[in-house]
Structure formats: structure tokens, C-alpha cells
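Inspection log for the structure reproduced underneath, given as C-alpha cells.
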Amino acid sequence: METAPGPWIEALRSSHDSLRALAQPLDVEALQQMSYDSEWTIAQVLSHLGSQAEIFGLFLDAGLSGEDPPGGEAFAPIWEAWNTRSPQAQAADALQADEAVIERFESLDADERARLHLAMFGMELDTTALARMRLSEHAVHTWDVAVALDPDATVAADAVALLVDALDLPAARSGKPQGKARRLSVATSSPERHFTLEIGDKVELVASEADETTPDLRLPAEAFVRLVYGRLDPAHTPSAEIRDVDLDELRQVFPGY
């Protein structure tokens, strides 16, 4: 996994620029159409990204000052404020808030990047980890918007190249065992990676070494990222090599969030 914060912040900038290009031309009717997420319109996806941008600004403040990170009591008023805005305001304000937090990431000097630290969600987070958290939601939700406008849209390649090496945490957090123990080998392309997926009492995804055996599942890394994030429905599944794997079963293991 990439440990320097620079590439993650650069991918965040690229994701923001892509989101802006998608969202700025949309009129009210387009903003109110459903995103890939069946419970959110495009405007609501943007609102979520905007509210999270505000929250990540609070995380940056705490991480740089050495204070405890904010808890749920700080989040609720932010979410409520965003939820009450019109679709047009949600879209415009989200792009502004997102730009602001990315500029903050970009403005961190070497000392600040080294100093930033948060004990949060049961983890010890540095600048790289915080940028990784933001990119994981930003790139995937940007796809939620993009694919609603273009069914052939894919998650940005620069984000995929980073996120594919950081799938162990979302796999463990969101994976839902279905009562059937399985051990599967997975290989990806663009970039090439190899994993072992253990499904038992819990879900565990670990990187593995390439070998000469045929993997149980071979697919593009972009599709595997979407699978783990619950976004690989049949209509958006590219060609894959499958051996003794039921993709519908894996979709149930990874319902998304």
C-alpha cells in the first residue's frame, strides 16, 4: 500500500475535478434523478460529500492540534444543515466545501503531514490514512453520480490503483458472512494484484503472492473495488474469469454502504 500522503491527496484532487465536471452542468431536474444509490438522488450524494468535507475539516483541525477528534454530537447538526438545503444548494455548496478541504490537504507542509495524528474508529490515523479514508468515499460516490449519467462509467484509474491495496479494511468492516465458509483466490488486472478472500465467521481479505494456479476469480481491479464496496451489480459487471464462484453470493457478502 502507498504510505506517502502525496499520491492520495493528488488522487483526491483528481476525483474532485471529475466530480465538478459532472455536477456543475446539471440542472434541477438532473440533480433530482436517482444516483446509483437507490436511496439517494444525485443532489443527496453531493450533499453527503459536502457534509463529509466539513467533517474531514474537523478531523484535520483535531489531528494537527493534538485534540481529540469530534464525535457524533458534532456530526448531527452538520448533516441536518445539509439535508435542509435545496438540490441546487446541495450541489453548489458541496463542490465548494470539497474544494476547501482538498486545498487544506494540499496546503499541509512536510512538518504538518508528519505531525498529524488521530486516534479514531479504533485506529491510529496519520495524514495518509486520513486522505485514504476521504478518497475511498469520494471516488466511489463520484462513481455513484457518474454512472447515473453514463452507464459505462468506471471508478477513476488513479483512485483504483491506490484503493485496490487498501481493500482489507472495507472488506472486514462491511463484509457480511452468509453462513457458507469459503476460501477464494482472487486476481485482478490493471493493476495486477492477488488476494485470498476468507469467508467464515468474519470476512477477511489479504494480499497474496502470485502462483501458477488458476484463481477462483479474475477481474479488473476497478470491478473488484466496486465489488467490495457493494457496487458490482450484473448490469455493471465487466468480463470476468470465474471458477467455482457465484458472483451473486459474493454480492450478498458485500452489500455496500
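The values are calculated or read from the model by the stated rules, or taken from the named source; none is laboratory data. Not measured: the values here are computed from a predicted model. Note that we place each Cβ from the backbone using ideal geometry, even for glycine, and neighbour counts take in every protein chain shown.
Annotations for the structure displayed:
- Any hit, region 66-73, residues being touching a strand residue (DSSP E or B) at 6+ places or on another chain (Cβ under 7 Å) and modelled with pLDDT under 95: yes
- Every residue from region 36-57 that is among the hydroxyl-bearing types (Ser, Thr, Tyr) and surrounded by 13 or more Cβ atoms within 10 Å (Cβ to Cβ): 36, 41, 47, 51
- When residues in region 229-240 are screened for being surrounded by 13 or more Cβ atoms within 10 Å (Cβ to Cβ) and over 20 Å from the mean Cα position of the chain (by Cα), 1 of them pass.
- Criterion (in the same structural domain as residue 247 (by TED's automatic domain parsing) and in contact (Cβ under 8 Å) with a residue 12 or more places away in the chain) met by exactly one of 146, 172, 159: 172
- Among the residues of region 1-32, those identified as in a helix (DSSP H, G or I) and polar (S, T, N, Q) are 14, 15, 18.
- No other residue among 61, 37 is over 21 Å from the mean Cα position of the chain (by Cα) and among the acidic types (Asp, Glu) apart from 61.
- Residue 211 under 20 Å from residue 165 (Cβ atoms) and free of Cβ contacts under 8 Å to residues at least 24 places away in the same chain: yes
- Within region 97-155, the set of residues being touching a Gly at 6+ places or on another chain (Cβ under 6 Å) and either closer than 18 Å to residue 7 by Cα or hydroxyl-bearing (Ser, Thr, Tyr) (or both) comprises 101, 116.
- The set of residues from region 58-91 being surrounded by 15 or more Cβ atoms within 10 Å (Cβ to Cβ) and touching a residue at least 40 places away in the same chain (Cβ under 8 Å) comprises 59, 60, 62, 63, 64, 69, 87, 90, 91.
- Being at pLDDT below 95 and outside the structural domain of residue 45 (by TED's automatic domain parsing) holds for only one residue in 192, 198, 209, and it is 209.
- Residue in region 56-71 that is in a loop (DSSP other than H, G, I, E, B) and among the charged types (D, E, K, R) present: yes
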